[in-house]
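Shown next, in structure tokens, is the structure this report addresses.
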Amino acid sequence: MTKAAQGRVSKTSAASPVSNNLYGLKKIGLRNLGKVYRNLSVPTLTEMAVSRGEGYLARNGALVVDTGKYTGRSPKDKFTVDQNPSTKDIWWGPINQKISVENWDHIFEKVKSYLQYKDVFIFDGFVGRDPRYKLPVRVISEQAWHSLFCQTLLVRPTAEELKNHKTQFTVIDVGRFHGSGAAEGLRKENFTLVNFEKQLVLVGGSEYAGEMKKSAFFLMNYLLPQKNVFPMHCSANAGAKGDTSLFFGLSGTGKTTLSADSRRRLIGDDEHGWSDKGIFNFEGGCYAKTVDLSREKEPEIWDAIRFGSVLENVYVDHATREIDYTDIRYTENTRATYPVDYIDNCVISGMGNHPKNVFFLTFDAFGVLPPISKLSPEQAMYHFLSGYTAKVAGTEAGIDEPEATFSTCFGAPFLAWHPNRYAELLREKIKKHKSQVWLINTGLNGDPASNPDRVSLSHTRALLTAAMEGKLAKASTIKDPVFGLQIPKSCPGIPAKSLLPWNAWRSRKKYVQKSRELAALFQDHFKQFEERVSEEVVAAGPNPGK
């Protein structure tokens with residue numbers, strides 16, 4: 001950092017390095033640190049990230065960073081400490097893996113030694129916008145841009161809240177520290193370790209900032225069901241009359257894109273809670289995929305990426321500093337994070353009414369699901385537990401046919417309790433508040449073998465609008481023969497023929513065959529839940545027939 005820059009930093013008390021005796025760092029065992037910076041301003045953090053060689057500015061003013069080896073989350077490298085009393089609550093298995101208390105202690109001691117004499121950045125803020133359920137968190141990181149990421153994405157405190165901040169959970173992010181793999185109960189060198197009893201999370205071995213974000217979501221997924229609040233991996237927006245809609249979906253299904261609608265106000269793009277009063281955003285920002293981003297198709301997101309936002313792993317021309325969102329040489333999972341209020345028509349409070357409509361988004365690469373269909377409460381529970389989407393043939397090495405992907409509750413890596421607990425919360429909420437659930441296919445429309453088009457964004461938006469305006473609620477429907485879905489026969493602005501998926505196939509026989517193939521995959525996946533759900537929910541699933 002230049003002397004001039006140092007002078008500017010020193011003039012701002014919040015930006016000045018302080019003794020690590022403050023802020024309770026010794027209580028968690030962090031001693032002999034270098035300089036400690038707490039809740040720096042966005043300009044200061046940006047300036048420090050650039051001066052420390054962590055990133056550089058693109059032409060639009062966003063900070064561009066490279067996350068190194070890991071350009072996405074590593075859900076198989078998340079572990080939870082196996083100890084009482086939380087061990088009785090956790091849904092143990094491939095999603096929630098155990099790590100022993102002894103291995104936790106060993107790794108934490110190494111992390112504390114690693115941080116000695118290093119400068120660190122603190123972000124004190126919250127997860128959750130509802131004052132009744134907001135979780136005071138602290139994120140300690142070794143990189144300035146990681147602190148900027150948290151400043152941008154989590155809920156920022158007011159001056160008074162910062163003054164009186166009492167941390168309940170601390171996330172320690174050491175992306176450049178590597179674990180020792182199996183010798184420490186890990187899989188590889190990277191890890192996310194959650195200790196509910198000590199109220200600590202360790203993130204190491206990966207500089208991908210999304211690991212910090214999702215660890216906070218995992219905490220809320222554990223804590224909120226105990227208060228009868230439904231934590232959800234979904235985006236949300238509100239209409240002019242306050243009518244709220246939720247959008248559940250896995251990566252690539254359009255969750256962020258479809259909720260950022262100029263005709264509606266954005267509440268949040270990824271994580272929310274549903275309480276007895278309504279819904280609330282967990283975050284203060286958005287974390288959008290940017291591959292193939294264009295101003296024409298997604299103007300709200302395009303304009304939100306500016307100074308104060310962070311771009312991960314995008315390609316930038318170093319001479320012009322222009323961004324090429326179509327270039328995926330580093331990863332297809334290029335990302336941008338920005339404050340939610342960078343979306344012009346956002347809901348500043350991050351809170352909304354009970355949702356009138358709930359949309360389950362899926363990218364169906366089999367080309368058999370309709371662009372929109374109406375679900376009963378039992379079907380909603382079935383499809384929520386299924387969490388289906390698919391990969392398209394040719395998009396990844398070794399994928400020659402459509403490949404179904406099931407992520408329970410549209411967010412399996414983040415579930416702490418058994419999925420049925422979340423499904424019961426969904427059933428309770430939609431029945432009590434009379435919310436209508438819809439299944440939306442944003443994937444292929446037609447036989448995958450004939451290179452069909454993806455359902456157009458304009459058609460999907462028109463279908464969503466018709467549903468949210470109540471034009472589809474009482475529309476005449478036709479029942480899908482395999483999946484039992486109720487498909488509207490008409491929708492304003494949409495050719496009636498395109499609403500029925502079999503119309504996009506040259507052979508009705510092949511359509512039925514492919515439908516049954518996908519239905520069998522659904523049934524096979526759902527067997528794990530059959531003992532815990534009612535017969536009505538099991539019967540609400542697809543029937544592959546003979």
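The values are calculated or read from the model by the stated rules, or taken from the named source; none is laboratory data. What you are looking at is a predicted structure, and each value in this text was computed from that prediction instead of being measured. Ideal geometry is used to build each Cβ from the backbone, glycine not excepted, and the neighbour counts take in all protein chains shown. Ligands, DNA and RNA are stripped out before the accessible areas are found, and what is left, the full protein with its side chains, is counted by its heavy atoms. Shrake-Rupley method; radii C 1.70, N 1.55, O 1.52, S 1.80 Å.
Quick look at the values:
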read-out	value
Residue pairs meeting the criteria (Cβ under 7 Å; at least 6 apart or on separate chains; first farther than 21 Å from Y117 by Cβ, in region 138-161; second open to solvent by less than 20 Å² (accessible area, probe 1.4 Å) and among the polar types (S, T, N, Q))	L148/T46; F149/T337; T152/S309; T152/T337; L153/T337
Residue match in region 283-303 (condition: modelled with pLDDT of 95 or more and under 30 Å from K434 (Cβ atoms))	yes
Qualifying residues in region 493-507 (those that are aliphatic (A, V, I, L, M) and part of a helix (DSSP H, G or I)) - the one nearest to the chain's Cα centre (by Cα)	L499
Residues located in region 181-214, provided they are open to solvent by less than 10 Å² (accessible area, probe 1.4 Å), closer than 25 Å to E312 by Cα and of a type in the set (D, E, K, R)	K213
Residue match in region 338-360 (condition: more than 30 Å from D130 (Cα to Cα) and either polar (S, T, N, Q) or touching a Leu at 6+ places or on another chain (Cβ under 9 Å) (or both))	no
Selected residue [open to solvent by 20 Å² or more (accessible area, probe 1.4 Å), modelled with pLDDT under 95 and among the polar types (S, T, N, Q)] from N60, N32	N32
Test: residue in region 410-425 that is more than 23 Å from G254 (Cα to Cα), in contact with a helix residue (DSSP H, G or I) (Cβ under 9 Å, 6 or more places away or on another chain), open to solvent by 50 Å² or more (accessible area, probe 1.4 Å) and modelled with pLDDT of 95 or more	yes
Members of region 303-352 that are open to solvent by 20 Å² or more (accessible area, probe 1.4 Å) and part of a helix (DSSP H, G or I)	D303, D341, Y342
Filtered residues of region 430-457 (kept if under 16 Å from R264 (Cβ atoms) and either surrounded by fewer than 20 Cβ atoms within 10 Å (Cβ to Cβ) or modelled with pLDDT under 95 (or both))	L457
Subset of region 460-491 (residues that are within 19 Å of D261 (Cα to Cα) and among the small types (G, A, S))	A462, A466, A467, G470
Region 423-435 residues that are part of a loop (DSSP other than H, G, I, E, B), paired with ones that are surrounded by 16 or more Cβ atoms within 10 Å (Cβ to Cβ) (beta carbon under 8 Å, 6 or more apart)	H433/H354; H433/P355; S435/H354; S435/P355; S435/K356; S435/N357; S435/V358; S435/K429
Among (1) over 22 Å from R461 (Cβ atoms); (2) open to solvent by less than 80 Å² (accessible area, probe 1.4 Å); (3) touching a Gly at 6+ places or on another chain (Cβ under 8 Å); (4) not aliphatic (A, V, I, L, M) - the single one P501 does not satisfy	(1)
Qualifying residue in region 70-84 (condition: closer than 17 Å to E197 by Cβ, open to solvent by 40 Å² or more (accessible area, probe 1.4 Å), out of contact with any strand residue (DSSP E or B) (no Cβ under 7 Å at 6 or more places or on another chain) and in a helix (DSSP H, G or I))	no
Residue list for region 86-101, filter: part of a loop (DSSP other than H, G, I, E, B) and surrounded by 13 or more Cβ atoms within 10 Å (Cβ to Cβ)	D89, I90, W91, I95, S100
Residue list for region 217-258, filter: open to solvent by 10 Å² or more (accessible area, probe 1.4 Å) and farther than 30 Å from E469 by Cβ	Y222, L223, Q226, K227, N228
Cβ-Cβ under 6 Å pairs, at least 6 apart or on other chains, region 325-346 side over 22 Å from M212 (Cα atoms) and aliphatic (A, V, I, L, M), far side open to solvent by 10 Å² or more (accessible area, probe 1.4 Å) and not in a loop (DSSP other than H, G, I, E, B)	I343/E300
Neighbours by Cβ (under 6 Å, 6+ apart or cross-chain): first from region 102-128, within 27 Å of E161 (Cα to Cα); second of a type in the set (G, A, S) and part of a loop (DSSP other than H, G, I, E, B)	D119/G34
Complete set of residues in region 102-154 that are open to solvent by 10 Å² or more (accessible area, probe 1.4 Å) and part of a loop (DSSP other than H, G, I, E, B)	Q116, Y117, K118, D119, R129, P131, R132, Y133, K134, E142, L154
Any chance K214 is in a helix (DSSP H, G or I) and of a type in the set (D, E, K, R)	yes
